[in-house]
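Accompanying notes for the structure given below.
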Amino acid sequence: MRTSRPSPLLRLFLASLLFLGLGALTAVHAQATNEDAPGDEPVAEEQGAGFFAVGTQFTDLAPLNDRLGGAGYPTFASEMVSLGGGGYGVVANRLMLGGEGHGLLTADGSFQGRNVSVGGGYGLFNLGYLFRPASGLRVYPLLGLGGGGLQLDIENAGTADDFDDVLDNPNRSASVGQASFLVSLGGGLEYQFGTPGEGRTARLGLRAGYMVSALRSDWQLGDSALAGGPDASMQGPFLRLTIGGISDSDDE
């Protein structure tokens with residue numbers, strides 16, 4: 001009996017959850033550490049932070065688009081919408097440790113009744129160093145290490161009136177994916193609006209940098225590696241807005 005194994009993209013998704021879990025645990029531990037040990041200066045703000053993020057991730061889809069276009073399929077813009085989130089903790093009032101994960105989306109296309117789409121996602125463990133040039137303002141360089149992948153889905157729309165119709169003509173679809181090791185080089189800034197515990201607060205930020213894609217796998221269909229796949233990757237610059245620390249405390 002054949003035993004199915006998780007696809008590379010599923011394994012990457014699980015790895016991304018692990019990165020996010022490590023980041024969340026690190027944030028909690030760092031927060032507890034900072035509450036017990038005073039830093040080198042008083043800071044009227046939360047040491048750890050969680051955030052949601054939305055922005056743009058540029059990718060290198062040109063090799064994939066060349067193959068798709070040559071076969072008559074639609075091509076896709078290299079700029080993808082990035083949606084995700086993460087968290088970090090601050091150790092010794094300076095060192096940032098955390099994790100983040102993001103999904104990448106772009107507009108779908110169609111070809112001969114088939115729906116065609118490209119997407120991706122990744123998870124990172126982050127290391128940064130925190131500067132506070134002004135009250136409520138954080139600035140930091142950031143290094144991220146993790147994994148991610150691109151996925152091409154080709155789906156038949158198909159029609160069926162009952163279950164036996166599906167068995168007689170399953171309208172086969174295909175999903176092929178490629179995984180890679182990622183290095184993120186960048187930085188960010190955040191500003192805290194309000195004082196934690198004293199009314200409404202929010203932390204808005206901006207992160208930018210460049211994603212380096214290395215050690216890429218072959219494209220795979222299920223458990224099978226596909227030879228001669230395009231050399232597309234998630235490498236490219238990114239820019240995203242972050243928001244976190246939202247609360248509505250009232251001491252009264």
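The values are calculated or read from the model by the stated rules, or taken from the named source; none is laboratory data. Note that this is a predicted model, so its numbers are computed, not measured. Cβ sites come from the backbone with ideal geometry, for glycine too, and all protein chains shown count toward neighbours. Quick note on the areas: whole protein, heavy atoms, side chains included, nothing else; ligands and nucleic acids left out. Shrake-Rupley method; radii C 1.70, N 1.55, O 1.52, S 1.80 Å.
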(message) Against the definition (out of contact with any Lys or Arg (no Cβ under 9 Å at 6 or more places or on another chain), open to solvent by 70 Å² or more (accessible area, probe 1.4 Å) and modelled with pLDDT under 95), how does residue 159 come out, yes or no?
(response) yes
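Quick grid of which residues meet (1) in a strand (DSSP E or B); (2) over 12 Å from the mean Cα position of the chain (by Cα); (3) modelled with pLDDT of 90 or more:
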residue	(1), (2), (3)
44	no, yes, no
50	yes, yes, no
57	yes, no, yes
118	yes, yes, yes
(message) Please go through (1) modelled with pLDDT of 90 or more; (2) loosely packed, with under 14 Cβ neighbours inside 10 Å for residue 124 and return the number of the only condition it doesn't satisfy.
(response) (2)
(request) Hey, could you check segment 192-222 for residues that are part of a strand (DSSP E or B) and among the charged types (D, E, K, R) and say which is surrounded by the most Cβ atoms within 10 Å (Cβ to Cβ)? (result) 203
(message) Restricting to segment 98-118, name every residue that is in contact with a helix residue (DSSP H, G or I) (Cβ under 9 Å, 6 or more places away or on another chain) and open to solvent by 60 Å² or more (accessible area, probe 1.4 Å).
(response) none
(message) Cβ-Cβ distance below 8 Å, separation of 6 or more or different chains: which pairs start in segment 132-144 with a residue that is in contact (Cβ under 8 Å) with a residue 60 or more places away in the chain and at negative phi and end on one that is of a type in the set (D, E, K, R) and open to solvent by 70 Å² or more (accessible area, probe 1.4 Å)?
(response) none
(message) Among the residues of segment 215-252, what is the count of those that are modelled with pLDDT under 85 and under 17 Å from residue 143 (Cα atoms)?
(response) 0
(request) Of the conditions (1) more than 17 Å from residue 242 (Cβ to Cβ); (2) modelled with pLDDT of 90 or more, residue 137 clears all except one; give me its number. (result) (1)
(message) For segment 59-97, give me the residue count where each residue is assigned to a helix (DSSP H, G or I) and either open to solvent by 60 Å² or more (accessible area, probe 1.4 Å) or of a type in the set (Gly, Ala, Ser) (or both).
(response) 5
